[in-house]
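In what follows, a single structure is set out as structure tokens and then discussed.
Every number here is computed from the coordinates shown, using simple stated rules; none is lab data. Bear in mind the structure is a predicted one, so any value in this text is a computation, not a measurement. Note that each Cβ is placed from the backbone with ideal geometry, even for glycine, and that neighbours are counted across all protein chains shown.
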4 protein chains.
Amino acid sequence: MIIVLRPNSSQAEIDHVLDRIKELGLKPHLSQGEHRTIIGVIGDENKLQAEPLQAIPGVEQVLPIMKPFKLASREFNKADTVVAVGKVKVGGGSLAMIAGPCAVESREVLNEIAGHVKKAGANILRGGAFKPRTSPYSFQGLGEEGLKILRDVGARHDMPVVTEVMDPRQLPLVEKYADMLQIGARNMQNFDLLKEIGQSKKPVLLKRGMSATVKDMLMSAEYILSEGNPNLVLCERGVRSFEDSTRNMLDMSAVPNVKGLSHLPIVVDPSHATGRPDLIPSMAWAAVAAGADGVHVEVHSCPEKALSDGPQALLPKRFEELMDRLRRIAEVMGKSLS
Amino acid sequence: MIIVLRPNSSQAEIDHVLDRIKELGLKPHLSQGEHRTIIGVIGDENKLQAEPLQAIPGVEQVLPIMKPFKLASREFNKADTVVAVGKVKVGGGSLAMIAGPCAVESREVLNEIAGHVKKAGANILRGGAFKPRTSPYSFQGLGEEGLKILRDVGARHDMPVVTEVMDPRQLPLVEKYADMLQIGARNMQNFDLLKEIGQSKKPVLLKRGMSATVKDMLMSAEYILSEGNPNLVLCERGVRSFEDSTRNMLDMSAVPNVKGLSHLPIVVDPSHATGRPDLIPSMAWAAVAAGADGVHVEVHSCPEKALSDGPQALLPKRFEELMDRLRRIAEVMGKSLS
Amino acid sequence: MIIVLRPNSSQAEIDHVLDRIKELGLKPHLSQGEHRTIIGVIGDENKLQAEPLQAIPGVEQVLPIMKPFKLASREFNKADTVVAVGKVKVGGGSLAMIAGPCAVESREVLNEIAGHVKKAGANILRGGAFKPRTSPYSFQGLGEEGLKILRDVGARHDMPVVTEVMDPRQLPLVEKYADMLQIGARNMQNFDLLKEIGQSKKPVLLKRGMSATVKDMLMSAEYILSEGNPNLVLCERGVRSFEDSTRNMLDMSAVPNVKGLSHLPIVVDPSHATGRPDLIPSMAWAAVAAGADGVHVEVHSCPEKALSDGPQALLPKRFEELMDRLRRIAEVMGKSLS
Amino acid sequence: MIIVLRPNSSQAEIDHVLDRIKELGLKPHLSQGEHRTIIGVIGDENKLQAEPLQAIPGVEQVLPIMKPFKLASREFNKADTVVAVGKVKVGGGSLAMIAGPCAVESREVLNEIAGHVKKAGANILRGGAFKPRTSPYSFQGLGEEGLKILRDVGARHDMPVVTEVMDPRQLPLVEKYADMLQIGARNMQNFDLLKEIGQSKKPVLLKRGMSATVKDMLMSAEYILSEGNPNLVLCERGVRSFEDSTRNMLDMSAVPNVKGLSHLPIVVDPSHATGRPDLIPSMAWAAVAAGADGVHVEVHSCPEKALSDGPQALLPKRFEELMDRLRRIAEVMGKSLS
């Protein structure tokens, strides 16, 4: 940690800072120059929370130099983590292709969509039973009935299933039916939910919050890992921006950025990121070329009758085309579908 | 609702759209021009969800013209809502001055701070017992012990107290001790929490999410109102932006913007918005001049020893100065502290 | 400057960094800890550009600790700068009230508007003769004819006039007619224009760019100051954000933020910041309460016929109301209209 | 154009709007519903500027339905435009690989870098002679001397050259030496510069502004096209965002987004977008997979001694690796280097 003092800090202020550091059993290194005094603190940075030091009179800036996440960091685990979702591997050369409708609407519709995506090459089926909707008047999901349908249709097509948990109280129920637990973007910093899911043994799909930095996402991952659940896949799904022609802005560079900082697999969701079916295939291809460990796409056989997010769903025909080229790009990247 | 068709939409596509509208018992108005065909739909816009229509081939844009929130809207309630928090009124000319430390740390520290802020003119005491922290390794709050301290210290200084609820399971506990329930920025779209709190009878302080638009905030308000709790105060606390010299960007225009769209009171939190004590007083004054129904400020008598957010806390002395000028600006605005 | 090395940097890498620092005649301070090595550089930070050092293998971060602007900084000039625009003073307790139409449209219309704003208390008249329009097909301003009208109408109502310069080649012409030169948001980093205007003797109104940080704005100010023109007034006019109900997001905290960093006066333009007449008065009041040295408002007597930005113009009647309360808030702030 | 009236608009207000529309020789279509009145205007939308209508009392929203750009639109030109830069084709299946240092520093350094990038497969050489620097104290480029070096080195390696024009007054000089004129991000809305360059016959590389939407970029393209220069290549180079671990946020979806709206070629610049050499190769590959017509990369043989933007430059060795995989992805996309 580096503590930069204000240009005219007094000796008393400097001494006060030095005392606080020594109180914590750490060793300060003082550098006094013409313009500024700097104090480097060498030792266990964790003992010294950055924040309170900044409140000391005479202190201008406190610059932490260690990353705030540990278990999620590449330093902690040099090798890429591979997460098993049922028989499907995610990470380390194995791509997840997660597809399905936004919401589970009925057994028939889900079954039809699952048949299409399985045939085209998807290996994990998605579908929401509990839906986080902006409006209280919108369709909120089928609940347990939806979970049962999802499990049954997944089993029928031999695909593990992923679905969202919105509330810690839903966890026991969702765990009964799902192979993978999704934490939605709006809940990325719902810390009680993160802790609860950290105690589950099921693999987790953690979506990036709408205004979360890459580091914020890794801190949320740290909550789950530190509770004991190592089966974590991250998901870039776009962030809020001023651009108004797409639903969000897909931060494609988050893929190699996360891979440099962390050992965790990361997939990309171009459906929520763009909200536009015409942009989804290109973004799925780009995601694989960027090094992603998978893609998450919403597919619906009749988007205009979808109960949720219809306009961003891809038709099965277009999903097939997406998969054809995606396989060839995966090959160039030395990866394959699990 | 207005449906704009693509430049070269076919007659079959147009007919398909018209049929869908009539199926729902609504009446389409067709306008065919040189360049474009437009269909206006007059009737109950709620029957017709905008999204699925956008998925119909040939449709370019669907433009809803009614606001998606109702109970929160100014049309629903022309008069300003006044929320009672204990004996304190918020809204309609009465200002809330919510002050206190970020977290409840101990009875002694809270008591000292409460004494200062009460004397300076604050009328609601704040303090967190459950803390949403970015890092799992940071201080997470004192829990029930903190709630007890908060209630006791509030009673001793004759101030109602507000504290955060992070999880629906905490609600019964927090309701026992608090006069007002806070929903933090990170939980603004934790819809299960909103629904649960909507069933409480306690007044609620709903903070704007870090990347929520003003309309998103009013939709979250709608969740609470539609569950039956009308005692709602909104809080502008800054949003994420590219500016890196402040913690967030305080969207001051949200104050008159909300007042035009909604009857609900709105307060401003310059502590979280700026993260900088040197900017807090000016922003508190500006908030009142902008028409806010109150201000929410973190105060700590020893910021360098605060267990959470110390660097953004104001010293009691500076809080007094803030209050002195704030009262005079309130007078110009025709408002006063309750 | 502080140089943080990567966790596993080699001795050779460390030596290479030390050599580069000594080559520049500077003195490195080495701190080697368990986890990290840090090098503090004490001396003239300007000799050492941060960027190239960051490219040295083994270097993780380079943290400059001095501000990159000098002439614009509060350290350079402790006292508030007061800029004279004709007989009007801006800064140091004197408020500028800049008002007028977006564009100069005709002598008659400008004269009518000038009469209104003068009577209500404005002290500087604005109007564009060269207009930066997003579309090449929109009205681009009256050019020299507009400048003449502006000068004449200003003289008739005894108000100095401010107008935009978009191109260095227009400068000699605009200087002939205007009392103050405006640099628009889109040109805040048009460095050739900044240099040219820095050689003028006329006072300058520099608007913040749509995605400029406060520091970027002060760096652009530095361009003008370093060319020799000290008569500079900054203007906060909103930045781009995800909020779609206002044209831009007014960063009100930029006012005290700039005042802490710099001696230059700063005014606020709520017209461009919000794009909404219903929000302009509140934001003008808030600006003065935040400590601004003035307000910049677009006023038009018939907004629906305005050739540019009509919908954001305030009617003269509402401008009067704005001024009435603004004067009272100015009084609380210890300021007055020049 | 669609005009939505406020809920309680009076008949007089409605008539006033209808009159204004008829005055302009256009035909209004009135739809009166239970809650709202809507007026559709069919005819030449250009006659009717959206803005002033919004200022009419009783009007809530004015929704333009035609795109504001014409010559840049896909409707204007169904086929992909192919721009010739010297012998190199950009667009329609031919990829531009633009590489070189940020700034021209000396004949020797440029020659060395040009040799490397040419050998690795680049087909256009870049290098700045006029540099837009945030600080007036930073290296501002070699000016004409830099242009000469660039032309000579380009000729020696048989590569056309691209370099930035910052000021309309520099245009005659730059045109003498360069094969392609670059307009930098900071000048994307320097409309006088756009007009001047629109009158040149040289091909143009127009970079997206830091807070420009895709539509803003196409409007700036329209300025150039409408002045008569059709040889235009767009460039996505990242936009400002809250993410602080990359220099900007690369909006990868802008590639297919632009391709849907416009016939113009678009290349991607991962160097400025990310500012991080470790992310550049992945982003170059993703760009080609997303459908870009080329990539723009800064390469330097000794980044730590670069006079500008060293830390974001790629080493020649890593550029070769980038090119190897890029060729294979281009093949999957049915494209090749010109």
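Could you work out how far helix B:107-120 tilts from the main Cα principal axis of chain B, as a 0 to 90 degree angle to the nearest 10?
Long axis of B:107-120 versus the principal axis of chain B: about 80 degrees.
So if R0 is 41 Å, what FRET efficiency would C:Leu18 and C:Arg74 give, r being the distance between their Cβ atoms, rounded to the nearest 0.05?
0.75
Which peptide among B:191-200, A:183-192 comes first, and what is the full order, when sorted by highest mean count of other Cβ atoms within 10 Å?
Output ranking for B:191-200, A:183-192: A:183-192, B:191-200.
Amide H of C:Gly294: which non-local residues (sequence gap of 5 or more, or other chain) have their own amide H closer than 5 Å, using H built in the peptide plane?
For C:Gly294, the qualifying residues are C:Ala96, C:Val268.
Place a +1 charge on the Cβ of each Lys and Arg in segment C:1-145 and a -1 charge on the Cβ of each Asp and Glu, then give the dipole magnitude about the Cα centre in debye, rounded to the nearest 20.
640
For chain D, what is the mean residue ellipticity at 222 nm derived from helices alone (per DSSP H run of n ≥ 4: -39500 (n - 2.57); sum divided by total residues; nearest 500 deg cm²/dmol)?
The per-residue figure over chain D is -10000 deg cm²/dmol.
Can you pull the one-decimal nm distance between simple spin-label points at B:Glu144 and C:Glu108, each 7 Å off the Cα toward Cβ?
A separation of 7.9 nm, rounded to one decimal place.
If the label point is 7 Å along Cα→Cβ of A:Lys317, which residues in segment A:106-145 have backbone nitrogen under 19 Å from it?
Hits in segment A:106-145 for A:Lys317 at 19 Å: A:112-121.
So how long is each side of chain B along the principal axes, counting just the alpha-carbon atoms, biggest first, in Å?
So the extents along the principal axes, rounded to whole Å, are 76, 43, 38.
Defining a contact as two alpha carbons under 8 Å apart and six or more residues distant in sequence, what relative contact order in percent does segment C:245-333 show?
27
Of the DSSP beta bridges with both residues in chain D, give the percent that are antiparallel, rounding to the nearest 5.
40
With a point put 7 Å past each Cα toward its Cβ, work out how far A:Ala155 is from D:Lys119 in nm, to one decimal.
So the two model labels end up 6.3 nm from each other.
How large is ³J(HN,Hα) for each residue in segment C:292-301, as worked out from phi by the Karplus curve 6.51 cos²θ - 1.76 cosθ + 1.60 (θ = phi - 60°), to whole Hz, x for Gly and Pro?
Going residue by residue, I get 5, 8, x, 9, 10, 10, 8, 10, 9, 7 Hz, with x marking Gly and Pro.
For a quick check, take a GNM of chain B with Cα springs below 10 Å and name the residue from B:Arg247, B:Arg156, B:Arg36 with the largest mean-square fluctuation.
B:Arg36
Once you order the gyration tensor axes a ≥ b ≥ c over the Cα atoms, which shape class does segment B:24-175 get: rounded for a/c under 1.5, otherwise prolate or oblate by comparing a/b with b/c?
It is prolate, given that a/c is not under 1.5 and a/b is the larger ratio.
What gaps in nm, shortest first, separate B:Gly93 from its twins in the other copies when you place the label 7 Å past Cα toward the beta carbon?
Listed shortest first, these distances are 3.6, 7.6, 7.7 nm.
Taking every pair of Cα atoms in segment D:177-231, average 1/r, invert it to obtain the Kirkwood radius, and report Rg/Rh to two decimals.
That ratio equals 0.94.
Set the Förster distance to 60 Å, then compute FRET efficiency between B:Gln199 and D:Arg6 from the Cβ-Cβ distance, nearest 0.05.
Computed FRET efficiency for B:Gln199 and D:Arg6: 0.95.
With a/c under 1.5 counting as rounded, go ahead and sort the protein assembly as shown into rounded, prolate or oblate using the C-alpha gyration tensor (a ≥ b ≥ c being the square roots of the eigenvalues; past the cut-off, prolate if a/b is larger than b/c, else oblate).
In terms of gyration-tensor shape, rounded.
How would you order D:116-122, C:307-313 from highest to lowest mean count of nearby Cβ atoms within 10 Å?
Highest to lowest by the protection proxy: C:307-313, D:116-122.
Pull up the cross-link candidates among the lysines for A:Lys305, meaning alpha carbon to alpha carbon under 18 Å and not fewer than 8 places away within one chain.
A:Lys131, A:Lys317, B:Lys22, B:Lys47
For the protein assembly as shown, what proportion of DSSP beta bridges, expressed in % and rounded to the nearest 5, is antiparallel?
Approximately 40 percent, going by the DSSP bridge assignments.
With θ taken as phi - 60° and the coefficients 6.51, -1.76 and 1.60, list the Karplus ³J(HN,Hα) couplings across segment A:72-86 in order, rounded to whole Hz; mark glycine and proline as x.
Result, ordered by residue: 7, 7, 5, 5, 5, 9, 5, 7, 5, 6, 10, 9, 9, 10, x Hz.
Over segment D:64-199, what relative contact order in percent results from Cα pairs under 8 Å that are six or more residues apart?
19
More than 11 Å apart: what percent of Cα pairs in segment C:168-208 qualify?
62
What do you get for the angle between helix B:316-332 and the principal long axis of chain B? Use alpha-carbon atoms, 0 to 90 degrees, nearest ten.
The angle comes out near 50 degrees.
Taking the Cα centroid of segment A:170-243 and of segment A:312-338, what is the distance between the two, rounded to the nearest whole Å?
Cα centroid of segment A:170-243 versus Cα centroid of segment A:312-338: 25 Å apart.
Quick one: helix D:11-23 against the long Cα principal axis of chain D, what's the angle to the nearest 10°, folded into 0 to 90?
60
Could you state the number of Å between the C-alpha centres of segment A:13-28 and segment A:277-301?
When both Cα centres are located, 52 Å separates them.
Quick one: compute the contact order of chain C, relative version, from alpha carbon pairs under 8 angstrom and 6+ residues apart, as a percent.
Relative contact order here is 17 percent.
Quick check on segment D:62-104: take the gyration tensor over C-alpha atoms, sort the square-rooted eigenvalues as a ≥ b ≥ c, and tell me if it's rounded (a/c under 1.5), prolate or oblate.
Taking the square roots of the gyration eigenvalues as a ≥ b ≥ c, segment D:62-104 is oblate.
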